[in-house]
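Data block below; observations after.
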Amino acid sequence: MMEVLFYIAATVALLSTGLALTRANAAHALIYLIVSLLAVAVLFFLMGAPFAAALEIVIYAGAIMVLFVFVIMMLNVGQHGIAQEQEWLRGRNWIVPGILAGLLLLELLLALRHAPATTAGLTVSPKEVGLALFGPYVLAVEIASMLLLAGLIGAYHLGRRFIVRRENKR
Amino acid sequence: MADMAGIWLIPLLPLASAIVLILSAGRMPRQLAALLGAGSVGLAAVCVAVLTRDFLADGEVREVTLWTWMAVGNFTPKIAFYIDGLTVVMMSVITGVGFLIHLYSIEFMWEDESICRYFAYMNLFVAAMLLLVMGDNLLLLYLGWEGVGLCSYLLVGFWYRDPANGKAARKAFVVTRIGDTAMALGLFLLFTELGTLEIQPLLAAANDQWQVGDTLPVIATALLLGGAVGKSAQLPLHTWLPDAMAGPTPVSALIHAATMVTAGVYLIARTFGLFLLAPPTQEAVAWIGLATLLLAAFAALAQHDIKRILAYSTISQIGYMFLALGVSAFASGIFHLVTHAFFKALLFLAAGAVIHCLHHEHNIFRMGGLRTRLPVVFWSFLIGSAALAALPFTSGFYSKDAILLSAWELPGIGPWLWAGGLLGALLTGIYSFRLVFVVFFGEAHTEPDRQPGWKMAVPLTLLCVMALVGGLLVLPLTGVFPPTGHHTANHAIEYISIATPLAGLLLAYLLFLGRQLSVDALVESPTGSKLRDFWLNGWRIDQLYDLLWVRPYSTISQWCRNEPVDRFYNGVVNASQWTHHKLAALQTGQLRWYATTMVFGLVLLVAIMLRNAA
Amino acid sequence: MGGLQIPMEHVLALAGLLFSCGLMGLMLRRNIIFMLMSLEVMLNASALAFVAAGAKWNQADGQIIFLLILSVAAAEVAVGLGLVLQIQRRFKTLDIDQARRLRG
């Protein structure tokens, strides 16, 4: 019974990802993407990783995707933008990416032939994750924090209105 | 010994005079230049005369070492002189005839503005030639060899403002250079095999190490022969001598008749021991001599420039000397060298007098009737031509006769060589008296505008005397060459040898003086005129060489003009630039393109990994 | 409840499928926003693979890597969207093919 749930969630994730990447309207695509992320969170939960599931929802779908939404609303592309996207999505452009992505998929699937294993079926609780984080992986945590700091500064710097300043300097 | 000290003076006097004349940069008054130029050679001649008198008295070989030239490993050539009979003979010819020619040159070149330069080069030449014959090792000989080659170039191109003269000088230099290179290779081979270049030890070592007919002596002597052929203007390197007549006539007399062209003969005579060890080469010497002799004689028949006739005649006579060396009649060859020096210098000086007095006319068919107008010159020419044709009791008669007799006596090819030599003698008689009859008899087409002075007349007279009585000289060559064995007196051969030049004289008389016979019809006919042109152009050997060597070389140079090797390197550059452009085209600046190519690479990588893991 | 016992091939196959979908989108779309979205999809797919691996071995490491991937994605999106804003201001379009001044 529970396995069926897994496969349903997997299908939802796949479908919504496919839909997300083939929409002309950016906002629609984002919503589909959020659905995909939620489905993946369900998968995490079903595999016994509740912490990962929670993080997926809270941070990935809740923060990162919202960031996307904000930017799209700010850019305010409009109807002509949607028409342009539709034009770019015509059939001829699908050939080469399709072939290459298909080949890679084939290889990945071929690589999976000899892996007759299953997941453990046990939950890894948040407590264990926390112990591991502040134990063997504390260095990684520190580095991740520096990465986030860099991201922060970068985002602040890049978000400024450069053009005005440049014209002033000239 | 007092004369030992004086020996080094002999080459030093002309050399010092040359240096002084060169350093004067042409600003010396011409009287002083003439005094230095002729005087130095005259003094050297006096020293040589003293040396000869002493040598004839005691017959001892004199060896004088001045200093060691260089010391490299076990190669230590010295500046040293080796005076034996052969050296004394050569030195006497060089300084004696040389002095007479220098004296003659004073008058001949008096009006020339570069008389200083002329005497500088002439003295330098005499010094180099003396070094050549006096040296006791082959390296010193080679130094003199190169020195005379240089002076020949300088003197043939003396009137350098005319480009044709420069061309002739360069031709002389380049053609003899080919021979010089062969000779240098021969010297290398000799040194490598025998360990020394000093002539007497070299000959002794060769006799110890090598058997008669071994490959090494054949190769070494063939290379030395190459050098001799170049310097002595024999087939195939004879093409420079007729063109070298572009120089002043005394130069032709000294260099291209009496001395430089005999350097090849001297070389072979000096290293005769090596040639005796290499019978194939020695036979080649004889055949080269014969072929050249005949070729030049035919060519001389068709020439109309007075100096070119004499030039081809020189080539022909040196062919006789080579013939003599080829049949091991070394002493006869040297004897002919000496007599040839006398009568050929005489002929050239007389021709120079004709040219000088007829304001530089060279074409014999525009002269004529000079017998009465230039009597001294006429008698000089007559005596010289008689000696050249080897009419009886002239000096040329004795020397040529000895050669022909030795040729006849050689078993095997001897009679053929003798027959060829005889034909050559006939032709010599014809062309030499053709020259005399055309220039000095008949109608005068050009009148002389002056008479030769005492500075020209005295050398001419002295040389006339030598050309007549020189045949009676007994050269002190007994200690030098191996004895040739007793000549069986063969009267038939002797009579034929006497008759042939007289027949030639008769033919020339009939054709050119008495006009009883006429070859005009023969010459005008198609084959006749072709033959005449063929011989006039020296059997068209110049054209042959142009076709064989010059044209291919020019063609290759034209190909190389565009730097074909650079093309390869430029090609490398172009290929890398092309590759760069193609690669640069990959950098479109478009993110999607980059992503696509990355995926492509990723697909390949994963495929490889899968294959390796499988 | 405890986790399920799911064959690893299936999970990893799903991850692979999601990854190639994202790759497809990256190569296909010209709009920068969509390219960034495809990047997120790819990152998500690899995170799925990690978590599945962690679930197999019953260790926390899979989820820790997931956390790190998440932080990377966050930083990258922050900076990326800033860049998008700049591009929009300069080129007046979101077409990434217009931003090719680094060609050559």
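The values are calculated or read from the model by the stated rules, or taken from the named source; none is laboratory data. Predicted model, so just to flag it, every value in this text is computed and none were measured. Heads up, the Cβs are rebuilt from the backbone with ideal geometry, glycines too, and the neighbour counts pull from every protein chain shown. Please note that ligands, DNA and RNA were not included when accessible areas were found on the heavy atoms of the full protein model with its side chains. Shrake-Rupley method; radii C 1.70, N 1.55, O 1.52, S 1.80 Å.
Of the cross-linked pairs B:Lys231/B:Lys344; B:Lys582/C:Lys92; B:Lys78/B:Lys171; B:Lys171/B:Lys530; B:Lys167/B:Lys307, those separated by over 24 Å at the C-alpha level are B:Lys582/C:Lys92; B:Lys78/B:Lys171; B:Lys171/B:Lys530.
For a label point 7 Å from the Cα of B:Leu32 along Cα→C-beta, name the residues of segment B:103-132 whose backbone N is under 15 Å from it. Answer for this model: B:115-117, B:120. Shown is the FRET efficiency for B:Leu56 and B:Glu494, computed with R0 = 25 Å from the Cβ-Cβ distance and rounded to the nearest 0.05: 0.25. Could you compute how fast segment B:426-510 diffuses translationally, taking Rh as the Kirkwood radius over C-alpha pairs and applying Stokes-Einstein at 4 °C with viscosity 1.567 mPa s? Give it in µm² per second. Using the Kirkwood radius from Cα pairs, D works out to 76 µm²/s. Eigenvalues of the alpha-carbon gyration tensor of the protein assembly as shown, scaled by 5 and square-rooted, set the equivalent ellipsoid semi-axes at 111, 31, 27 angstrom, largest first. Translational diffusion coefficient of chain B (Stokes-Einstein, Kirkwood radius from Cα pairs, 10 °C, 1.306 mPa s): 60 µm²/s.
Counting only Cα atoms, the size of segment B:515-614 along its three principal axes is 111, 37, 19 Å, in decreasing order. First obtain the Kirkwood hydrodynamic radius of segment B:424-583 from its Cα pairs, then insert it into the Stokes-Einstein equation at 10 °C and 1.306 mPa s, and state the resulting D in µm² per second as a whole number. For the chosen part, D equals 67 µm²/s.
Give me the Debye-computed log₁₀ of I(q)/I(0) at q = 0.11, 0.13, 0.20 Å⁻¹ for segment A:2-122, equal point scatterers on Cα only, no solvent, two decimals. Relative scattering, expressed as log10 I(q)/I(0), comes to -0.53, -0.72, -1.21. Separation of segment B:120-152 and segment C:51-104, taken as the distance between their Cα centroids, equals 92 angstrom.
Straight Cα distances below 12 angstrom link C:Lys56 to the aspartates and glutamates C:Glu9, with same-chain residues fewer than 8 positions distant left out.
For B:Phe188 and B:Tyr569, the FRET efficiency from 1/(1 + (r/R0)^6), where r spans their Cβ atoms and R0 equals 45 Å, is about 0.80.
Taking only the Cα atoms of segment B:1-120, the radius of gyration and Dmax are 16.7, 53 Å. Note on B:Asp208 and B:Asn537: their simple-model spin labels are 5.5 nm apart, each label 7 Å out from Cα toward Cβ. Both radii come from the Cα set of segment B:83-186: Rg as radius of gyration, Rh as Kirkwood radius; their ratio Rg/Rh reads 1.01.
Computed extension length for A:Tyr156-A:Leu5: 50.1 nm, one decimal, from 0.36 nm per residue of separation with the Cα-Cα distance subtracted. Modelled label positions at A:Ala54 and A:Ser125, each set 7 Å beyond Cα in the direction of Cβ, lie 1.2 nm from each other.
Cβ-Cβ distance of C:Asp97 and C:Gln5, R₀ of 45 Å, FRET efficiency by 1/(1 + (r/R0)^6): the value works out to about 0.40. Counting only protein heavy atoms and a 1.4 Å probe, the protein assembly as shown has 45 square angstrom of accessible area per residue.
When B:Glu409, B:Glu111, C:Glu40, A:Glu87 are compared by accessible surface with a 1.4 Å probe, the order from highest to lowest is B:Glu111, A:Glu87, B:Glu409, C:Glu40. Across peptide A:16-27, the mean count of Cβ atoms from other chains lying within 10 Å of each residue's own Cβ comes to 4.
Of the peptides B:328-335, B:468-475, the ranking by mean beta-carbon count within 10 Å, highest at the top, reads B:328-335, B:468-475. The accessible-area ordering, largest first, of the residues A:Arg161, B:Arg540 stands as A:Arg161, B:Arg540, per a 1.4 angstrom probe. Judged by the mean number of other Cβ atoms found within 10 Å, the most tightly packed of the peptides B:216-225, B:193-202, B:562-571 leads the ranking B:216-225, B:193-202, B:562-571.
According to the Cα-based calculation, Rg over Rh for chain C is 1.11, with Rh computed by the Kirkwood formula. With each label modelled as a point 7 angstrom along the Cα→C-beta vector, the B:Ala164-B:Ile413 pair spans 3.9 nm.
Partner shielding of B:575-587 amounts to 1, given as the average count of beta-carbon atoms from other chains within 10 Å of each residue beta-carbon.
Packing, taken as the mean count of other beta carbons within 10 Å per residue, orders the peptides C:9-15, B:420-426, A:66-72, B:118-124 from highest to lowest as B:118-124, B:420-426, C:9-15, A:66-72.
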